[in-house]
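Student: Take a look at this one; I'll ask things after.
The values are calculated or read from the model by the stated rules, or taken from the named source; none is laboratory data. Bear in mind that the values here come from a model prediction, so they are computed numbers and not experimental data. Cβ placement follows ideal geometry from the backbone for every residue including glycine, while neighbour counts extend to all protein chains displayed.
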2 protein chains.
Amino acid sequence: MNPVVLGIDVGGTNIKAGLVGPSGELVAKEAWPTEGRLGPREVIRRLAVRVKAMAERAGVSWERVQGAGSGWPAFLDLPSGVIEEAINLGWKDVPVAAWLEEVLQKPVAVDNDANAAALGEAWIGAGQGAGSVLCVTLGTGVGGGIVFNGALYRGASAMAGEIGHLPLKPEGEPCTCGRRGCLETLASATAVVREARRRGVASPPGGPAALTARDVFALAAQGHPVAKEVVEEAASWLGLGLAAAANLLNPEVIVVGGGMAEAGDLLFVPLEAEFRRRALPRVARFCRLTPALLGGSAGVFGAARLAWQRVGR
Amino acid sequence: MNPVVLGIDVGGTNIKAGLVGPSGELVAKEAWPTEGRLGPREVIRRLAVRVKAMAERAGVSWERVQGAGSGWPAFLDLPSGVIEEAINLGWKDVPVAAWLEEVLQKPVAVDNDANAAALGEAWIGAGQGAGSVLCVTLGTGVGGGIVFNGALYRGASAMAGEIGHLPLKPEGEPCTCGRRGCLETLASATAVVREARRRGVASPPGGPAALTARDVFALAAQGHPVAKEVVEEAASWLGLGLAAAANLLNPEVIVVGGGMAEAGDLLFVPLEAEFRRRALPRVARFCRLTPALLGGSAGVFGAARLAWQRVGR
């Protein structure tokens, strides 16, 4: 029987897991609520029960599973496999790699979620075959990861690719990182909603508090002038941020993923225009800007790839 | 006899060359005017005569020279070893690697000058031993290079590390690249002189046209308030640019070189303050910001390292 690995993508809300073959073949997949409030021990214990049941249902004996990879919404100390802090989960100092190895009885690789998603897109998604890939994920925040020659580039303290914290507007809005005017304050879903509310974009039935980035994009698609302006501004800031990153990294491909990337041309047309205007011609000419291909599964595939790399394949 | 290689650093004004051992031992060194107006054929022909004479004077037989590396003030197509454009020299479409191999009868590696300097500093200079080094050169422009695990990271079209063209002030001064508000327009020697003139900093005997960045730094060191303001502003912009680059690359070391870096604390104190203020704490904590160690010789050593890598050492 062909060997597989387990790819686990832990989010603030849901956990997704899949069994994946050496060339990215998806054998089984499942998702369930994270329930971070139960604490890391219990979340990991339940995770083990879930994935073993998933393997059994898929007719995959546990012996066929070579190892596991996992992406976490957290700052990690990679050499020790310890979560230093997972803000959305309210966890600190959790030895996730060791605990997962204990419950799964397999070798386990860990990384942060943005890195896992970047590796997934570079492996079998929109960045496949490229020597250098910058992957950006637009959501509540703006995350990123860098893949060179098929491997994650992590930097000195596993922070490489944090494009969300490019300081683009020195005296801009405060950012969750404690600084001001980071790309994340200008081009995330949160920023789109904030600007739309500020400019009085009409709210859905639930009142102003219920307005989502999806609502703003829907209004923009229907031609609402203020919603359109808000979306185009966010896209322009993102174009500037990606141009800055590209002038430095000269990547072959920039993959844009996350919920907002599903807006298609509404986002990509102004984004690409600003990117081409701001990037050096010799950089822009050799760079492909493209939507992500794997959608919400990028993290599972990337985690699986981490597992294959961990077990030496 | 121990083998050596030839490191050649071609500048707009001078050419520097050295014979360098496998651990960076400098056996001989020489410099002479570039005379780019003579055209590439003649410059390369004279270069060969010079370096052979240098080897002879140093008692190094030509057989001991394993190969040569060279850094050029140019955009290059690396796979073919062709200079596509060297603006300062007025050259276009020059197959420098092939021509150098012809006159030297040795294997030759080529790269741009900023990359060569970065590799030199990472090899035996201020970045020695670090896994990831970003090297920035402050001069007429702002150049840069990135070294991961001892090897240059060049990106998709040999443009990686072009930190001088980080767009930091979207509606700022026009840049030589055709864009606006690049770091180079805010923190180069050219920018310092421009701002000092604009604010009426008293000129040296030669009149306003003779004012140099060195003059402005000298005045600032003597306490001239406007000169000091100009220097501090340039340092702050550089701090912002380095923080942006560091948030993306998470480098272990950032090496700051070039003429301006010789200003010492006058530059580094405000630079470091702004860098620490703008970089993510987890990035800044693991990043050392340091002046270059090799001064004007970084390019020769880096070119020599390219040669060693070319001949497989």
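Student: State which residue is modelled with the lowest pLDDT when the search covers only the stretch A:84-126 and only residues that are polar (S, T, N, Q) and within 22 Å of A:Gly150 (Cα to Cα). It would help to see each step written out before you state the result.
Tutor: Here is the first cut: in the stretch A:84-126, the ones polar (S, T, N, Q) are A:88, A:105, A:112, A:115.
Cutting the leftovers down to within 22 Å of A:Gly150 (Cα to Cα) gives us A:112, A:115.
Details: A:Asn112: 93, A:Asn115: 96.
The extreme case among them is A:Asn112.
Student: Listed residues B:Gly164, B:Gly69, B:Gly129, B:Gly155; which is buried (at least 22 other Cβ atoms within 10 Å of the Cβ) and more than 26 Å from B:Trp237 (Cβ to Cβ)?
Tutor: One residue alone meets the criteria, B:Gly69.
Student: Taking the conditions exactly as written (at pLDDT 95 or above and either touching a Cys at 6+ places or on another chain (Cβ under 6 Å) or assigned to a helix (DSSP H, G or I) (or both)), does B:Ala160 satisfy them or not?
Tutor: Here the answer is no, as B:Ala160 does not meet what is asked.
Student: Same structure again: If you check B:Lys52, B:Lys29, which single one turns out to be among the basic types (Lys, Arg) and under 27 Å from B:Gly141 (Cβ atoms)?
Tutor: B:Lys29
Student: Filter the stretch B:163-198 for residues that are small (Gly, Ala, Ser) and assigned to a helix (DSSP H, G or I); which is farthest from the other protein chains (Cβ to nearest Cβ)?
Tutor: Within the stretch B:163-198, the subset small (Gly, Ala, Ser) is B:164, B:172, B:178, B:181, B:187-189, B:191, B:196.
Checking the rest, the ones that are also assigned to a helix (DSSP H, G or I) come to B:164, B:187, B:189, B:191, B:196.
On the way: B:Gly164: 9, B:Ala187: 14, B:Ala189: 20, B:Ala191: 17, B:Ala196: 22 Å.
So, considering only residues that are small (Gly, Ala, Ser) and assigned to a helix (DSSP H, G or I), the one farthest from the other protein chains (Cβ to nearest Cβ) is B:Ala196.
Student: If you don't mind, another one. For the stretch A:47-126, give me every one of the strands (runs of 3 or more DSSP E) that falls completely inside it and has 2 or more residues that are touching a strand residue (DSSP E or B) at 6+ places or on another chain (Cβ under 9 Å) and either of a type in the set (Ser, Thr, Tyr) or touching a residue at least 60 places away in the same chain (Cβ under 8 Å) (or both).
Tutor: Per the criteria, A:65-72, A:75-77, A:108-112.
Student: Where residues in the stretch A:252-266 are touching a residue at least 40 places away in the same chain (Cβ under 8 Å) and over 18 Å from the mean Cα position of the chain (by Cα), which of them is farthest from A:Gly150 (Cα to Cα)?
Tutor: A:Leu266
For (1) more than 12 Å from chain A (Cβ to nearest Cβ); (2) at positive phi; (3) over 20 Å from the mean Cα position of the chain (by Cα), each residue gets a yes or a no:
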position: B:Ser80; (1), (2), (3): yes, no, yes
position: B:Pro107; (1), (2), (3): yes, no, yes
position: B:Val110; (1), (2), (3): yes, no, no
position: B:Ile124; (1), (2), (3): yes, no, no
position: B:Phe148; (1), (2), (3): no, no, no
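Results for (1) at the interface with another protein chain (Cβ under 10 Å from one of its Cβ atoms); (2) surrounded by fewer than 24 Cβ atoms within 10 Å (Cβ to Cβ); (3) touching a helix residue (DSSP H, G or I) at 6+ places or on another chain (Cβ under 8 Å); (4) acidic (Asp, Glu), shown as yes or no for each residue.
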| residue | (1), (2), (3), (4) |
| --- | --- |
| B:Thr212 | no, yes, yes, no |
| B:Leu242 | no, no, yes, no |
| B:Gly259 | no, yes, yes, no |
| B:Glu274 | yes, yes, yes, yes |
| B:Ala279 | yes, no, yes, no |
| B:Thr290 | no, yes, no, no |
| B:Leu294 | no, yes, yes, no |
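Student: Which numbered condition in (1) away from every other protein chain (no Cβ under 14 Å); (2) over 21 Å from the mean Cα position of the chain (by Cα) is the only one that A:Glu233 fails?
Tutor: (1)
Student: Moving to a separate point now. Could you grab me the full set of residues in the stretch B:264-296 that are part of a helix (DSSP H, G or I), among the small types (Gly, Ala, Ser) and farther than 20 Å from B:Phe217 by Cα?
Tutor: B:Ala284
Student: Evaluate the stretch A:296-308: report whether one residue or more is farther than 14 Å from A:Thr137 by Cβ, within 14 Å of chain B (Cβ to nearest Cβ), at pLDDT 95 or above and over 18 Å from the mean Cα position of the chain (by Cα).
Tutor: For the stretch A:296-308, residues farther than 14 Å from A:Thr137 by Cβ, within 14 Å of chain B (Cβ to nearest Cβ), at pLDDT 95 or above and over 18 Å from the mean Cα position of the chain (by Cα): absent.
Student: Still on this structure, I have one more. Are any residues in the stretch B:26-46 of a type in the set (Asp, Glu) and touching a residue at least 24 places away in the same chain (Cβ under 8 Å), and if so, which ones?
Tutor: First pass over the stretch B:26-46, keeping only residues of a type in the set (Asp, Glu): B:30, B:35, B:42.
Selection gives B:Glu30 alone.
Student: Can you give me the number of residues within the stretch B:131-143 that are in contact with a strand residue (DSSP E or B) (Cβ under 6 Å, 6 or more places away or on another chain) and at the interface with chain A (Cβ under 8 Å from one of its Cβ atoms)?
Tutor: Here the count works out to 1.
Student: Across the stretch B:46-57, what is the number of residues that are surrounded by 14 or more Cβ atoms within 10 Å (Cβ to Cβ) and over 21 Å from the mean Cα position of the chain (by Cα)? Working first, answer last.
Tutor: Kept after step one, since they are surrounded by 14 or more Cβ atoms within 10 Å (Cβ to Cβ), are these residues of the stretch B:46-57: B:46-48, B:50-52, B:54-55.
Checking which are over 21 Å from the mean Cα position of the chain (by Cα) leaves us with B:46, B:48, B:50-52, B:54-55.
Within the stretch B:46-57, residues that are surrounded by 14 or more Cβ atoms within 10 Å (Cβ to Cβ) and over 21 Å from the mean Cα position of the chain (by Cα) number 7.
Student: Here's a follow-up. Which of the following residues is modelled with pLDDT of 95 or more, over 24 Å from A:Glu184 (Cα atoms), touching a helix residue (DSSP H, G or I) at 6+ places or on another chain (Cβ under 6 Å) and not acidic (Asp, Glu): A:Gly145, A:Gly81, A:Gly59?
Tutor: A:Gly81
Student: Hey, another quick one. Looking at B:Val216, B:Val230, B:Val226, B:Val201, can you tell me which residue is touching a residue at least 24 places away in the same chain (Cβ under 8 Å), in a loop (DSSP other than H, G, I, E, B) and either in the same structural domain as B:Thr137 (by TED's automatic domain parsing) or of a type in the set (Phe, Trp, Tyr) (or both)?
Tutor: B:Val201
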